1. Can you name the residue in region 110-139 that is of a type in the set (Phe, Trp, Tyr) and part of a loop (DSSP other than H, G, I, E, B) and, of all such residues, is surrounded by the most Cβ atoms within 10 Å (Cβ to Cβ)?
2. Helices (runs of 4 or more DSSP H) wholly in region 1-73 with at least 3 residues that are of a type in the set (Ser, Thr, Tyr) and in the same structural domain as Asn85 (by TED's automatic domain parsing) - which ones?
3. Check off (1) at pLDDT 95 or above; (2) over 25 Å from the mean Cα position of the chain (by Cα) for Phe276 and give me the number that stays unchecked.
4. So, in region 83-109, how many residues would count as being part of a loop (DSSP other than H, G, I, E, B) and of a type outside the set (Val, Ile, Thr)?
5. Collect the residues in region 127-158 that are among the charged types (D, E, K, R) and modelled with pLDDT of 95 or more, keeping them in residue-number order.
6. Within region 176-214, how many residues turn out to be touching a strand residue (DSSP E or B) at 6+ places or on another chain (Cβ under 6 Å) and either among the hydrophobic types (A, V, I, L, M, F, W, C) or surrounded by fewer than 18 Cβ atoms within 10 Å (Cβ to Cβ) (or both)?
7. Scan region 140-155 for residues that are surrounded by fewer than 24 Cβ atoms within 10 Å (Cβ to Cβ) and part of a loop (DSSP other than H, G, I, E, B) and report the count.
8. Which residue, of Lys92, Lys67, is touching a helix residue (DSSP H, G or I) at 6+ places or on another chain (Cβ under 8 Å) and surrounded by fewer than 20 Cβ atoms within 10 Å (Cβ to Cβ)?
Amino acid sequence: MNIAVVILNWNGKSLLKQFLPSVIKYSKEATVYLADNASTDDSILYVKESFPDVKIVTNEVNGGYAKGYNDALSKIDADIYCLLNSDVEVTKDWLTPILKNFENDNNIAAIQPKILDYKKKTHFEYAGAAGGFIDKLGYPYCRGRIFDTLEEDNNQYNDTVPIFWASGACLFIKKQVFEEVGKLDEDFFAHQEEIDLCWRIQNRGYTIIYEGSSTVYHLGGATLNTMNPKKTFLNFRNSLYLLVKNVPGNKVWFVILFRMLLDGLAAFRFLTQGKFLHFFTIFKAHISFYLNFSTLIKKRKKLLKGGKYYSIFSVVWQYFILKHKHFKQL
């Protein structure tokens with residue numbers, strides 16, 4: 001199997017300077033690509049001059065994570081794609097166990113490595129940690145990270161296990177499956193599009209796994225930090241997009257109603273904290289959801305029926321009421 005490590009870049013010269021050397025050094029088994037999302041800085045020139053072996057694919061517009069990767073990957077031929085954020089440091093032999101898993105099990109469609117925090121390397125990182133899951137109300141959470149609680153890495157997740165979703169910060173996926181399930185949904189722009197992709201992969205009967213013997217370090221927040229109103233908008237809107245498209249059967253309407261009520265509570269919390277812009281951003285996210293509802297219903301009808309959930313009903317209840325902060329307490 002041949003593998004393409006594809007780094008999506010938008011005006012990220014400083015990140016490429018910092019993180020690309022580790023990718024070049026430890027990815028001898030792969031071809032490394034820079035997928036440039038219509039940058040206006042000189043990051044392409046920098047890569048051409050500093051890393052001539054890196055292949056460059058240019059996109060005409062900045063369509064965010066989803067369109068950016070869809071456009072770039074359509075020009076890249078490989079058995080396996082690794083969608084790698086530009087703010088990720090990789091480690092020695094990180095690709096070896098990943099490739100071994102793909103070779104040993106044809107049903108594996110996607111894999112995520114262990115993702116630790118670049119700023120605090122003893123702890124898991126927010127975006128993916130030790131593999132993603134989802135509760136019955138559609139809230140995503142991770143082994144090693146529930147809401148804002150990040151566990152210390154004490155080798156408790158040095159295993160290889162099935163997961164529900166793999167982080168878009170470092171996502172390995174078979175090209176054939178990526179195309180079969182319809183690629184990334186460009187209406188998401190960015191945030192949670194990888195969960196939508198993984199849900200569709202699950203519905204096709206494929207397996208997604210976490211591989212704990214492969215480690216990367218993610219800086220996080222390099223494109224949009226956690227308190228950016230645009231990130232708040234995308235997270236709240238896209239979570240509703242995700243549910244309409246993928247929750248099976250008539251239960252979808254109960255889940256949507258419940259989630260919108262909880263969104264209202266979140267908005268009120270922002271209000272009490274004096275974060276007025278984030279309060280109005282949630283309202284704006286719901287308006288966008290209503291405006292795009294008919295499009296979402298059309299997408300829902302095209303998807304295969306079925307879908308998986310994990311047993312936990314509400315991670316919100318577990319975390320905020322029962323005070324279960326670690327994955328093994330759920």
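1. Going through the qualifying residues, I end up with Tyr126.
2. 13-26, 43-50
3. The failed condition is (1).
4. Qualifying residue count, region 83-109: 10.
5. The answer is Arg143, Arg145, Glu151, Glu152, Asp153.
6. Residues flagged as touching a strand residue (DSSP E or B) at 6+ places or on another chain (Cβ under 6 Å) and either among the hydrophobic types (A, V, I, L, M, F, W, C) or surrounded by fewer than 18 Cβ atoms within 10 Å (Cβ to Cβ) (or both) within region 176-214 amount to 7.
7. 6
8. Testing whether each residue is touching a helix residue (DSSP H, G or I) at 6+ places or on another chain (Cβ under 8 Å) and surrounded by fewer than 20 Cβ atoms within 10 Å (Cβ to Cβ) leaves just Lys92.
The values are calculated or read from the model by the stated rules, or taken from the named source; none is laboratory data. Worth saying up front: this structure is predicted, and the values here are computed from it rather than measured. So basically every Cβ, Gly included, is an ideal-geometry build from the backbone, and we count neighbours across all protein chains shown.
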